[in-house]
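The structure's right below; bear with me while I get my questions together.
The values are calculated or read from the model by the stated rules, or taken from the named source; none is laboratory data. Not measured: the values here are computed from a predicted model. Counting neighbours? That spans all protein chains shown, and the Cβs are built from the backbone with ideal geometry, glycine included.
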Amino acid sequence: MKPLIYSTRDAEINKIGWRRCGENITYFRNDLSNGETVEEATYTLSFNLTLPYDDDEVYLAHCYPYTYSDLQDYLLKLQNHPVKSTFSSLRLLCRSLAGNSVYYLTITAPSLVDVPKRKKAIVITSRVHPGETPSSWMMKGFLDFLTGDSTQAKELREKFIFKLIPMLNPDGVIVGNNRCSLTGRDLNRQYRTVIRETYPPVWHTKLLIRRLMEECGVIMYCDLHAHSRKHNVFIYGCENKQCLDKRLQEQVFPLMLHKNAAD
């Protein structure tokens, strides 16, 4: 729970950006809530902070920020890159409630005429919860890797079509929400919705996946998040209690990840 600070003076003088700060950090349930259940309770984060300079402009954050502007800058550089732009394309998935662009990337090696085998698709989304900024940093790292010139990246581009939605909830990111969109609802709980006008990113993501399933098949879908308590990397999957085959299939990729990145 240690917060982050960005000091304008520190950046100008010492070239220091965001860094962890604060002492005597405590997080506890307070008595301000009228609710009786754990879900209705409210909590207080308390810490002591000594500002490094007088006459300074400082910013505080819960996690290392990754803004909508950061994403736009990254996507622009990717599309202007002389090599990476040859196997990546940027498209508009939809407009959010506030009219912001929800982008999706297609990354794959150009198909060869003499290779008739149809590629399967892999869909990866991120930042449905605005406060989970590490998910955006994971997406950036994955994009850096996938568009790189390593043997593994080239092989992945040859074998699969990657569809990536880097920021599902730009409205929430822009206004500083922690979990919700402008509707005040958690978009991650709206995947059963049929209301396109209220939850356009979710509706159009489902439409994209449905179209891919019809055209080429989707071999994997992964939604990147962050967690306030758990450490390192972990995966939540669909249990599929009624179908043993599907339940075992869900465990294949986590097992592969464990075997190849056990450290």
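Do the conditions hold for residue 97, that is, is it out of contact with any strand residue (DSSP E or B) (no Cβ under 7 Å at 6 or more places or on another chain) and farther than 24 Å from residue 207 by Cβ?
Values: out of contact with any strand residue (DSSP E or B) (no Cβ under 7 Å at 6 or more places or on another chain): yes; farther than 24 Å from residue 207 by Cβ: no.
Against the criterion (out of contact with any strand residue (DSSP E or B) (no Cβ under 7 Å at 6 or more places or on another chain) and farther than 24 Å from residue 207 by Cβ), residue 97 does not qualify.
On to the next question. Among the residues of the stretch 236-243, is there at least one that is of a type outside the set (Val, Ile, Thr), touching a Pro at 6+ places or on another chain (Cβ under 7 Å) and not assigned by TED's automatic domain parsing to the domain that holds residue 120?
Yes; the residues of the stretch 236-243 include at least one that is of a type outside the set (Val, Ile, Thr), touching a Pro at 6+ places or on another chain (Cβ under 7 Å) and not assigned by TED's automatic domain parsing to the domain that holds residue 120.
Out of the residues in the stretch 1-16 meeting the condition of being closer than 12 Å to residue 59 by Cα and not small (Gly, Ala, Ser), tell me which one is surrounded by the fewest Cβ atoms within 10 Å (Cβ to Cβ).
8
Take the conditions touching a Phe, Trp or Tyr at 6+ places or on another chain (Cβ under 9 Å), part of a helix (DSSP H, G or I), among the aliphatic types (A, V, I, L, M) and not assigned by TED's automatic domain parsing to the domain that holds residue 216 and apply them to residue 13. Does it pass?
Numbers: touching a Phe, Trp or Tyr at 6+ places or on another chain (Cβ under 9 Å): yes; part of a helix (DSSP H, G or I): yes; among the aliphatic types (A, V, I, L, M): yes; not assigned by TED's automatic domain parsing to the domain that holds residue 216: yes.
The answer is yes for residue 13.
Next question. May I ask you to list the residues in the stretch 130-150 that are surrounded by fewer than 19 Cβ atoms within 10 Å (Cβ to Cβ) and among the hydroxyl-bearing types (Ser, Thr, Tyr)?
Of everything in the stretch 130-150, just one residue is surrounded by fewer than 19 Cβ atoms within 10 Å (Cβ to Cβ) and among the hydroxyl-bearing types (Ser, Thr, Tyr), namely 150.
Please determine, by comparing only the residues of the stretch 26-56 that are polar (S, T, N, Q) and surrounded by 12 or more Cβ atoms within 10 Å (Cβ to Cβ), which one is modelled with the highest pLDDT. Step through it out loud before you land on a result.
Looking only at the stretch 26-56, we keep the residues that are polar (S, T, N, Q), and these are 26, 30, 33-34, 37, 42, 44, 46, 48, 50.
Within this subset, residues satisfying the condition of being surrounded by 12 or more Cβ atoms within 10 Å (Cβ to Cβ) are 33, 46.
Numbers: 33: 71, 46: 94.
Checked the stretch 26-56; the qualifying residue modelled with the highest pLDDT is 46.
Kindly indicate whether residue 185 is assigned to a loop (DSSP other than H, G, I, E, B), of a type in the set (D, E, K, R) and touching a residue at least 12 places away in the same chain (Cβ under 8 Å).
yes
Outside any loop (DSSP other than H, G, I, E, B), among the aliphatic types (A, V, I, L, M), at negative phi and surrounded by 15 or more Cβ atoms within 10 Å (Cβ to Cβ), is that true of residue 78?
So residue 78 fits the description; yes.
Which count do you get for residues in the stretch 208-254 that are free of Cβ contacts under 8 Å to residues at least 12 places away in the same chain and β-branched (Val, Ile, Thr)?
1
For every residue, the table says whether it meets (1) surrounded by 10 or more Cβ atoms within 10 Å (Cβ to Cβ); (2) under 17 Å from residue 138 (Cα atoms); (3) in contact with a His (Cβ under 9 Å, 6 or more places away or on another chain).
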site: 214; (1), (2), (3): no, no, no
site: 218; (1), (2), (3): yes, no, no
site: 226; (1), (2), (3): yes, yes, yes
site: 231; (1), (2), (3): no, yes, no
site: 237; (1), (2), (3): yes, no, no
site: 246; (1), (2), (3): yes, no, no
site: 249; (1), (2), (3): yes, no, no
site: 253; (1), (2), (3): yes, no, no
site: 256; (1), (2), (3): yes, no, no
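Can you name the condition, by its number, that residue 90 falls short on among (1) closer than 24 Å to residue 133 by Cα; (2) in a helix (DSSP H, G or I)?
Every condition holds for residue 90 apart from (2).
Tell me, yes or no, whether the stretch 102-118 has at least one residue that is acidic (Asp, Glu), more than 22 Å from residue 212 (Cα to Cα), modelled with pLDDT of 95 or more and in the same structural domain as residue 191 (by TED's automatic domain parsing). I'd like the intermediate steps shown before the answer.
Going through the stretch 102-118, the residues acidic (Asp, Glu) turn out to be 114.
Cutting the leftovers down to more than 22 Å from residue 212 (Cα to Cα) gives us 114.
Retained after the next criterion (residues that are modelled with pLDDT of 95 or more): none.
No, the stretch 102-118 has no match at all.
I'm checking my understanding of the structure. Among residues of the stretch 129-150 that are out of contact with any Pro (no Cβ under 8 Å at 6 or more places or on another chain) and in a loop (DSSP other than H, G, I, E, B), which one is nearest to residue 203 (Cα to Cα)?
Selected residue: 129.
Would you say residue 167 is over 18 Å from residue 77 (Cβ atoms) and either in contact (Cβ under 8 Å) with a residue 40 or more places away in the chain or aliphatic (A, V, I, L, M) (or both)?
No, not satisfied.
Sticking with this one: Is it the case, given these coordinates, that residue 188 is within 27 Å of residue 69 (Cα to Cα), in contact with a helix residue (DSSP H, G or I) (Cβ under 7 Å, 6 or more places away or on another chain) and not aromatic (Phe, Trp, Tyr)?
It is false that residue 188 is within 27 Å of residue 69 (Cα to Cα), in contact with a helix residue (DSSP H, G or I) (Cβ under 7 Å, 6 or more places away or on another chain) and not aromatic (Phe, Trp, Tyr).
Step by step: first the residues of the stretch 151-174, then only those that are in a helix (DSSP H, G or I) and β-branched (Val, Ile, Thr), then the one that is surrounded by the most Cβ atoms within 10 Å (Cβ to Cβ). Which residue is that?
Looking at residues that are in a helix (DSSP H, G or I) and β-branched (Val, Ile, Thr), I get 173.
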